[in-house]
Amino acid sequence: MTIINKMVQKDHLDGVVLGCTELPLILEQEDFKNIQVFDIAQVQIKAAVDQLLKKLK
């Protein structure tokens, strides 16, 4: 959280990608009020489900 918060202040980030599967277990959107948090596992799961549902139609 410290590293991300420093980067938000220094580099004016709008969001952060939690690309490691373990990070979403300890960090979540509520921990960061001023930026968007993206859980890459959730993004990939949603994309996979969307593709599967599209193929079923």
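Per-structure values
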read-out	value
All positions within the range 10-30 that are of a type in the set (Val, Ile, Thr) and either open to solvent by less than 90 Å² (accessible area, probe 1.4 Å) or within 17 Å of Gln44 (Cβ to Cβ) (or both)	Val16, Val17, Thr21
Conditions (1) out of contact with any Gly (no Cβ under 8 Å at 6 or more places or on another chain); (2) open to solvent by less than 50 Å² (accessible area, probe 1.4 Å); number of the one not met by Val37	(1)
Residues of the range 26-46 that turn out to be at pLDDT below 90 and not polar (S, T, N, Q), as a count	1
Qualifying residue in the range 2-9 (condition: touching a helix residue (DSSP H, G or I) at 6+ places or on another chain (Cβ under 9 Å), surrounded by fewer than 13 Cβ atoms within 10 Å (Cβ to Cβ) and of a type in the set (Ser, Thr, Tyr))	no
Every pair of residues 6+ apart whose Cβ atoms lie under 9 Å, when the first sits in the range 2-18 and is in contact (Cβ under 8 Å) with a residue 12 or more places away in the chain and in a helix (DSSP H, G or I) while the second is open to solvent by 80 Å² or more (accessible area, probe 1.4 Å) and charged (D, E, K, R)	Val8/Asp14
Within the range 24-56, considering residues that are touching a residue at least 12 places away in the same chain (Cβ under 8 Å) and part of a helix (DSSP H, G or I), the one farthest from the chain's Cα centre (by Cα)	Asp31
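The values are calculated or read from the model by the stated rules, or taken from the named source; none is laboratory data. The model shown is predicted, which means the values in this text are computed figures rather than measured ones. Virtual Cβ from ideal backbone geometry, glycine too; neighbours counted across all protein chains shown. Accessible surface is based on the protein model in full, side chains and every heavy atom, while ligands, DNA and RNA are left aside. Shrake-Rupley method; radii C 1.70, N 1.55, O 1.52, S 1.80 Å.
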